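**Student:** The structure's right below; bear with me while I get my questions together.
Read-outs: derived from the displayed coordinates by stated rules, not from any lab. As the structure is a computational prediction, the values presented were derived from the model and not from experiment. A quick note on method: Cβ atoms are made from the backbone with ideal geometry, for glycine too, and the neighbour counts reach across all protein chains shown.
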Amino acid sequence: MNPIPELSINEAKERLDAGETLFVDIRDADSYQEAHIPGAIHVTNDNVFDFLDSTDKASPIVVYCYKGNSSLGGTAFFLEQGFQDVQSMSGGFDMWRLNYEYDSGNGA
């Protein structure tokens, strides 16, 4: 079994700045509404099949959660669904929040 691909928050920030990677937030709705990585898509059990159907499987994706644990499972799931370039963000949004800007619920 291959290890789940991961990248650091610094590598994720480089990808965000390049604008060529889709960020997927798998945290709960309240947490996403409170704050998230700019441009991140909130994927839940309620919309995951729509996401799978509407997203190019070749699109590079970074999956993140709170601390980088659940995103490992999310990354494995997307890889199993045929996505080709998916990585889990180590440290999750908690680590991101300590180091970088983010979108808050008030649009800031």
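**Student:** Looking at segment 5-46, which of the residues that are part of a strand (DSSP E or B) and out of contact with any Gly (no Cβ under 8 Å at 6 or more places or on another chain) is surrounded by the most Cβ atoms within 10 Å (Cβ to Cβ)?
**Tutor:** Filtering segment 5-46 down to residues part of a strand (DSSP E or B) leaves 6-7, 22-25, 35-36, 41-42.
Applying the additional criterion that residues be out of contact with any Gly (no Cβ under 8 Å at 6 or more places or on another chain) yields 7, 22, 25, 36, 41-42.
On the way: 7: 16, 22: 19, 25: 24, 36: 22, 41: 16, 42: 17.
Filtering first and then ranking leaves 25.
**Student:** Being touching a residue at least 40 places away in the same chain (Cβ under 8 Å), farther than 16 Å from residue 39 by Cβ and of a type in the set (S, T, N, Q) is true for just one of 71, 104. Which residue is that?
**Tutor:** Numbers: 104 fails: farther than 16 Å from residue 39 by Cβ.
Going through 71, 104 in turn, the sole match is 71.
**Student:** To continue, here is another question. Return yes when residue 82 is outside any loop (DSSP other than H, G, I, E, B) and either polar (S, T, N, Q) or touching a residue at least 24 places away in the same chain (Cβ under 8 Å) (or both) and no when it is not.
**Tutor:** On the way: outside any loop (DSSP other than H, G, I, E, B): no; either polar (S, T, N, Q) or touching a residue at least 24 places away in the same chain (Cβ under 8 Å) (or both): yes.
Here the answer is no, as residue 82 does not meet what is asked.
**Student:** Return the residues of segment 1-40 that are aliphatic (A, V, I, L, M) and closer than 14 Å to residue 89 by Cβ; say none if nothing qualifies. Please lay out each step first, then the result.
**Tutor:** Narrowing segment 1-40 to residues aliphatic (A, V, I, L, M): 1, 4, 7, 9, 12, 16, 18, 22, 24, 26, 29, 35, 37, 40.
Those that are aliphatic (A, V, I, L, M) and closer than 14 Å to residue 89 by Cβ: 4, 7, 9, 12, 16, 22, 24, 26, 37, 40.
**Student:** When you scan segment 52-79, how many residues do you find that are of a type outside the set (S, T, N, Q) and in a loop (DSSP other than H, G, I, E, B)?
**Tutor:** Filtering segment 52-79 for residues of a type outside the set (S, T, N, Q) gives 52-53, 56-58, 60-68, 72-74, 76-79.
If we keep only those that are in a loop (DSSP other than H, G, I, E, B) too, we end up with 56-58, 60, 65-68.
Number of matching residues: 8.
**Student:** Continuing with the same structure: Which one is surrounded by the fewest Cβ atoms within 10 Å (Cβ to Cβ), of the residues in segment 61-95 that are charged (D, E, K, R) and over 10 Å from residue 5 (Cβ atoms)?
**Tutor:** Kept after step one, since they are charged (D, E, K, R), are these residues of segment 61-95: 67, 80, 85, 94.
Restricting the remaining residues to those that are over 10 Å from residue 5 (Cβ atoms) gives 67, 80, 94.
Working: 67: 13, 80: 9, 94: 13.
Among those that are charged (D, E, K, R) and over 10 Å from residue 5 (Cβ atoms), it is 80.
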